[in-house]
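Comments concern the structure below.
The values are calculated or read from the model by the stated rules, or taken from the named source; none is laboratory data. Given the structure is predicted, the values throughout are model-derived calculations rather than measurements. With ideal geometry, Cβ positions are generated from the backbone for all residues, glycine too; neighbour counts draw on all protein chains shown.
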Amino acid sequence: MKKSILLLMAFGLHALTADAQTGQPYIHDPSTLAECDGKYYTFGTGGGGLISDDGWSWHSGAERPGGGAAPDVMKIGDRYLFIYGATGGGLGGGHNGRILTMWNRSLDPHSPDFGFTAPVEVCSSDGMEDQDAIDPGLLLDPVTGRLWACYGTYFGSIRLIELDPATGERVRGNVEKDIAIDCEATDLIYRDGWYYLLGTHGTCCDGVNSTYNIVVGRSRSVEGPYVDNVGREMLHGGGRMVIAAGDRVCGPGHFGRTILDDGVEVMSCHFEADFDRSGRSVLGIRPLLWKNGWPVAGERFRGGTFEIASERRGYALELAVDFVRIQQERERFWNMDMSKPLKAIPDQQLEDVIATWPQGDIPVRCGDYMFRPHQLWTLTPVDEAGGYLSNPFFKIVVAGTERALTATADLELKTTATYTGADEQLWRVEQLTDGTFRIMPKRIPGQQQQNTRYVLYSAADSTPTLAEYDFQSDNSKWNFRNK
C-alpha cells in the first residue's frame, strides 16, 4: 500500500452473479486462501476477513485481532501462522512500521480451538531509512523446511527475512536482505526447482483509477537474485506480468497461490475496483496456469456453446446418433467447371436432424468433428447450485435443446431428454495448469459425498466415461473450442 486506505471494508449485500465471486466478497489486501474444516478463509486489512463454504460464495465473519494491514496466513503442522503489518505504508505512523506474527489452532471463530497467541515482532522500520515494514508474505520451503517472509513497499526495497517455523519468531542472527524494488505486497512461492517472487506494481487505493498489477521474477535460490523473462533483476525494477486489469475489474494486487490437486491451481488477489459493484475492492480468484515455467492468470470460464474436444486424440464429444449427410452438388475435382459461381454451403441445422434422434436417454461417444448439431454443447452457469474455487457449477446440454449430459451410478455417461437440475447434471469445469480443462460431475448417483475424484475421461479414442482424475494422462483433459 502506498496511501492511507479505509481500514474497514464495507460488507453490503449484492445481487448474485455467475460472473464473479458471489455473496459479499468485499476485501482489501487479502491473505492467501486457507482451508479449515471444509471452509475457506481469507483475511484482510483492518482485521477480519471472509469465509466461504464452497469457495464461490463469500461472506464476512472471519476474525483476526491486531488490526493493521495486509496479513498472510499459512498452515504449519496443526496450527495456522499469521503475519501482518501493524503500521507503516502511510497508515498512522508514516513509514514507521512493525511486522508481527501470531498463531491459532483454528480459523473458525466458533471452534473451541480458536484463540490467538500474543503477537511477536519479527522486524520493523523506523521511518527514517528507505524501507517500510508492511505487506508481508510467507513461504515454507518444501525442499529445506525453512520459513521465509518477504515484506516492503515502494518506499525503499522489498526485504527477505527468515523465521523459525516452530515459533514464528525471527531466526536468531538473521540479517534482512534486499531482493526487489518498485513493487509492494509481495509473496514467495516454489515450483520445480524455482523460487518465484510475486510483486504488486502500480498505484493502489484509487478505485477505478488504480493501476495495480502483479509481476513476477524467479531464482534458483530463495535469496535471489530474482530475474524476469528478459533477464532484468527485480532488484533493478524487473518483473514479468502475471495479471493486469481486464474483464471489468482493475487493480489486481496481493497474490496468493492455492494448490487444489495435481495440476489444479488457483491464484487469489483483490481487485481494487469492480466496475459492476460500485467500484468496490473485491476478492478475485482465477485459474493459475504455468507457461514455459512462468505463472500466468487464466481467464474466468463463463460457459457458451462449444465443441468439447479430448486432449487424448482431439475427437469431439458427441451424441451417439446416426451421422446425417449434408446434401451437396458434387463436382469431380479433376474436372471442375471454373466458370460456375461459388456458393456457401449452409451448416446442418438442429431441426434438420433432431427428429432422427431417439426420444429417451442417448449415450455419448467421441468422433471426428464435422460441424454437426449432435457435436455442439452449451454450458450455462447455474447460479443457485453453488460452486467451487473460481466458478459456479454448469449445466451441459446439446446446443438448442434441454438434453443434458448426465453422470450415472455405474460411472458412465448419458444424455437425458430433460435437464432437471439434479447434482448428476451439474458439472465442475476447472482449467488446469497446462491450459486444458477437467470436467467433473458434482455428484455420482448413489454417493452421499460431493464428487472430487471422477472426471470426464477418454477411456479410448471414441469412448468417454467417468474415471479417476490423473493430471499425467491426457485422458483426463478436454478443450473447449468456440463454434
### Query
Is it the case that the stretch 301-315 has a residue that's over 30 Å from Val215 (Cα atoms), of a type in the set (Asp, Glu) and either touching a His at 6+ places or on another chain (Cβ under 9 Å) or not in a strand (DSSP E or B) (or both)?
yes
### Enumerated strands (runs of 3 or more DSSP E) restricted to the stretch 359-447, each holding at least 3 residues that are in the same structural domain as Glu468 (by TED's automatic domain parsing) and either within 23 Å of the chain's Cα centre (by Cα) or among the aliphatic types (A, V, I, L, M) (or both)
377-381, 394-398, 404-407, 426-431, 437-441
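Before we move on, is Val222 without any contact (Cβ under 8 Å) to a residue 12 or more places away in the chain and assigned to a loop (DSSP other than H, G, I, E, B)?
Details: without any contact (Cβ under 8 Å) to a residue 12 or more places away in the chain: no; assigned to a loop (DSSP other than H, G, I, E, B): yes.
It is false that Val222 is without any contact (Cβ under 8 Å) to a residue 12 or more places away in the chain and assigned to a loop (DSSP other than H, G, I, E, B).
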### Query
Across the stretch 97-114, which residue is surrounded by the fewest Cβ atoms within 10 Å (Cβ to Cβ) among those that are within 24 Å of Asp164 (Cα to Cα) and not hydrophobic (A, V, I, L, M, F, W, C)?
Asp113
### Query
Restricting attention to the stretch 153-166, and to residues there that are modelled with pLDDT of 95 or more and not in a strand (DSSP E or B), which single residue is surrounded by the fewest Cβ atoms within 10 Å (Cβ to Cβ)?
Ala166
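Rundown of residues vs (1) surrounded by 22 or more Cβ atoms within 10 Å (Cβ to Cβ); (2) more than 20 Å from Lys291 (Cβ to Cβ); (3) assigned by TED's automatic domain parsing to the domain that holds Leu81, yes/no style:
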| position | (1), (2), (3) |
| --- | --- |
| Cys183 | yes, yes, yes |
| Trp194 | no, no, yes |
| Gly199 | yes, no, yes |
| Val208 | no, yes, yes |
### Residue satisfying all of: in the stretch 54-63; free of Cβ contacts under 8 Å to residues at least 60 places away in the same chain and surrounded by fewer than 20 Cβ atoms within 10 Å (Cβ to Cβ); farthest from Phe114 (Cα to Cα) among these
His59
### Query
Which of the residues that make up the stretch 28-75 are aliphatic (A, V, I, L, M) and either closer than 22 Å to Thr87 by Cα or part of a strand (DSSP E or B) (or both)?
Ala34, Leu50, Ile51, Ala62, Ala69, Ala70, Val73, Met74
### Query
Which of the residues that make up the stretch 13-30 are farther than 25 Å from Arg428 by Cβ and at pLDDT 95 or above?
Tyr26, His28, Asp29
### Task
Select from the stretch 138-165 the residues that are farther than 28 Å from Ile243 by Cα and touching a Gly at 6+ places or on another chain (Cβ under 9 Å) and list them in ascending order.
Pro165
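For residues in the stretch 76-85 being part of a strand (DSSP E or B) and in contact with a Pro (Cβ under 9 Å, 6 or more places away or on another chain), which is surrounded by the most Cβ atoms within 10 Å (Cβ to Cβ)? Break it down into steps so the answer makes sense when it comes.
Just the residues of the stretch 76-85 that are part of a strand (DSSP E or B), to begin with: 76, 79-85.
Okay, now just the ones that are also in contact with a Pro (Cβ under 9 Å, 6 or more places away or on another chain), so 76, 81-85.
Values: Ile76: 14, Leu81: 23, Phe82: 27, Ile83: 24, Tyr84: 29, Gly85: 31.
The selected residue is Gly85.
Given the structure, is Trp103 within 20 Å of Gly224 (Cβ to Cβ) and either assigned to a strand (DSSP E or B) or at pLDDT below 95 (or both)?
no
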### Query
Quick check, is Gly253 buried (at least 24 other Cβ atoms within 10 Å of the Cβ), within 14 Å of Leu198 (Cβ to Cβ) and not hydrophobic (A, V, I, L, M, F, W, C)?
yes
## Note on the structure
The lone condition Arg453 fails out of (1) crowded, with 20+ Cβ neighbours inside 10 Å; (2) basic (Lys, Arg); (3) closer than 25 Å to Gln21 by Cα is (1)
### Summary
Counting only residues that are more than 24 Å from Arg146 (Cα to Cα) and of a type in the set (A, V, I, L, M), the stretch 219-256 contains a total of 7
### Message
What pairs come out if I take residues in the stretch 94-120 that are over 16 Å from Gly48 (Cα atoms) and free of Cβ contacts under 8 Å to residues at least 12 places away in the same chain and pair them with residues that are part of a strand (DSSP E or B) and of a type in the set (Ser, Thr, Tyr) whose C-beta lies under 7 Å away, six or more apart or interchain?
### Response
none
### Residues within the stretch 321-358 that are part of a loop (DSSP other than H, G, I, E, B), more than 14 Å from Thr401 (Cα to Cα) and in contact (Cβ under 8 Å) with a residue 12 or more places away in the chain, tallied
9
### Task
Search the stretch 398-436 for residues being surrounded by 22 or more Cβ atoms within 10 Å (Cβ to Cβ) and of a type in the set (A, V, I, L, M), and hand back the single one that is nearest to Asp470 (Cα to Cα).
Leu432
### Message
With the requirement that a residue be under 27 Å from the mean Cα position of the chain (by Cα), outside any strand (DSSP E or B) and surrounded by fewer than 24 Cβ atoms within 10 Å (Cβ to Cβ), what does the stretch 115-143 give you?
### Response
Asp141, Pro142, Val143
### Task
Working only within the stretch 144-180, note down all residues that are at positive phi, touching a residue at least 24 places away in the same chain (Cβ under 8 Å) and within 27 Å of the chain's Cα centre (by Cα).
Gly152
### Query
From the list Glu430, Glu412, which residue is among the acidic types (Asp, Glu) and without any contact (Cβ under 8 Å) to a residue 60 or more places away in the chain?
Glu412
## Note on the structure
Residue hits (the stretch 50-80; among the aliphatic types (A, V, I, L, M) and within 19 Å of Cys150 (Cβ to Cβ)) are Ala69, Ala70, Val73, Met74, Ile76
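Considering only residues that are touching a Pro at 6+ places or on another chain (Cβ under 8 Å) and among the aliphatic types (A, V, I, L, M), look in the stretch 454-483 and name the one that is nearest to Glu318 (Cα to Cα).
Leu456
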